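Everything on this sheet refers to the single structure shown next.
The values are calculated or read from the model by the stated rules, or taken from the named source; none is laboratory data. Quick caveat, the model's predicted, so the values are computed rather than measured. As a convention, Cβ positions derive from the backbone with ideal geometry for all residues, glycine included, and neighbour counts pool all protein chains shown.
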Amino acid sequence: MSGSNFSKKFIFNEKIDSEYLYSLYEDDYQYIEEIYQTTLTHFDEDFNAIQRAYETNNISDLKKAIHKMKPTFGFVGLTLVQHICKVFEDFCQKATSSNELTSEYQQIVVTLAESKELIASEYNKLKEFNSNFL
Amino acid sequence: MKWTCVIVEDLQVAADYLVKCCEKSALLQVKGHFTNVEQALEYLNKNSVDVLFLDVEMPGATGFDLLDQLAYYPKVILTTSKSEYAYNAFEYNVTDFLKKPFTYQRFQEALNKLTTPAGDNNISSTATDHIFIKCDGKLVRLNNDDILFIESMGDYVKFVTFDKKYITHNTIKNLEEKVNRQTFIKVHRSYIININKIDDIRENDLFIKGNEIPVSKAHKADVLKRLNII
């Protein structure tokens, strides 16, 4: 957001909506790195809250936990994952018990775990990219 | 002089981004960031701020609970990822509603609303947040936010709200000039809709609370431009 101008453009993973990221942060790769770092720092805490709520059959907390985590993925350009979270949140709105969400939950847990790996990998790439231009 | 503000947001990355936006604007001084309503209330009951960036769903109480308990009313910009809260947002007369994540440009638009002088703001809000229609021999006030859509019926139009329908002598063409263009958009020669009420869009139709409304080819591009498509 500071409008840093690098001559070289960072190549994001194809699963990341880079145009969307640029719309949020322009080409401030240092700041994008910070965003990825913050996301990773808090990822497990938010992910665990989802798992804990599901396992204790607490639908109210499950809705809150997925709702909280949802925009995280927008901030890192994973707009599809953000949408998947929205769909799961909608399922939670209708559900009265975790048992009704078994299949959707299993899918989203995999999606979230894969997303974390992707965010971590992009963070490392960004860190290296930025260190080369400091 | 800068506006003082507080951020009430449980998602760290969203709070950090808001701080960054505030710093970039050079118009706001962030006095604090709180991750729940209880902490925020403790601060706000002892300190007055000009602007409150407020998430809705947080652990424990909601952002609306905080507004209910505040002894004074700063300008409020809601930040949430759920468009469904737009209705409550207008009920609480908040200045703006930012759907996370939002661009810096969208953030600036919200700030523009803050920087409108208080007097002008009052005039503007009363002039644009409702209309009066002639119906059954009286003038009936309709809040913009209550109107789902307006449908042409020849020389008459039907105003459809959440729970009522009002038929009055008028035309879509005439209303197009008079309704608040930030809220309403013409989507078809026979329909003006409240842009904030769209549930979904499929091909050449959109849906508002179970009502199927045609979108003409001529208006489709304008409608899509107005949506927050991410």
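Of note:
- Given (1) surrounded by 14 or more Cβ atoms within 10 Å (Cβ to Cβ); (2) modelled with pLDDT of 95 or more, number of the condition A:N130 does not satisfy: (2)
- Screening the candidates B:L67, B:L11 for the property of being closer than 22 Å to A:K70 by Cα, of a type in the set (A, V, I, L, M, F, W, C) and over 14 Å from the mean Cα position of the chain (by Cα) yields one hit, B:L11.
- Taking the criterion of being within 14 Å of chain A (Cβ to nearest Cβ) and surrounded by 17 or more Cβ atoms within 10 Å (Cβ to Cβ), the residues of region B:34-44 that qualify are B:T35, B:V37.
- For B:K165: the one exception among (1) over 15 Å from the mean Cα position of the chain (by Cα); (2) under 11 Å from B:I131 (Cβ atoms); (3) free of Cβ contacts under 8 Å to residues at least 40 places away in the same chain: (2)
- Scan of region B:97-123 for residues that are under 18 Å from B:Y72 (Cα atoms) and at pLDDT 70 or above, ordered by number: B:L114
- Qualifying residue in region A:100-112 (condition: out of contact with any Gly (no Cβ under 7 Å at 6 or more places or on another chain), aromatic (F, W, Y) and over 23 Å from B:P101 (Cα atoms)): yes
- For region B:21-33, a residue qualifies if it is over 23 Å from the mean Cα position of the chain (by Cα) and facing chain A (nearest Cβ under 10 Å), and the qualifying residues are B:E23, B:K24.
- Number of the condition not met by A:G74 [criteria: (1) of a type in the set (G, A, S); (2) surrounded by fewer than 19 Cβ atoms within 10 Å (Cβ to Cβ); (3) within 18 Å of the chain's Cα centre (by Cα)]: (2)
- Residues in region A:88-119 that are closer than 18 Å to A:D17 by Cβ and surrounded by 14 or more Cβ atoms within 10 Å (Cβ to Cβ): A:T111, A:L112, A:S115, A:K116, A:L118, A:I119.
- Any hit, region B:161-184, residues being assigned to a strand (DSSP E or B), buried (at least 16 other Cβ atoms within 10 Å of the Cβ) and of a type in the set (A, V, I, L, M): no
- When the test is whether a residue is aliphatic (A, V, I, L, M) and more than 10 Å from chain A (Cβ to nearest Cβ), B:L11 does not pass it.
- Scanning region A:2-9 finds no residues that are assigned to a helix (DSSP H, G or I), out of contact with any strand residue (DSSP E or B) (no Cβ under 6 Å at 6 or more places or on another chain) and more than 10 Å from every other protein chain (Cβ to nearest Cβ).
- Region A:12-23, subset polar (S, T, N, Q) and assigned to a helix (DSSP H, G or I), residue surrounded by the most Cβ atoms within 10 Å (Cβ to Cβ): A:S23
- Residue satisfying all of: in region A:41-64; at pLDDT below 95 and facing chain B (nearest Cβ under 10 Å); surrounded by the most Cβ atoms within 10 Å (Cβ to Cβ) among these: A:K64
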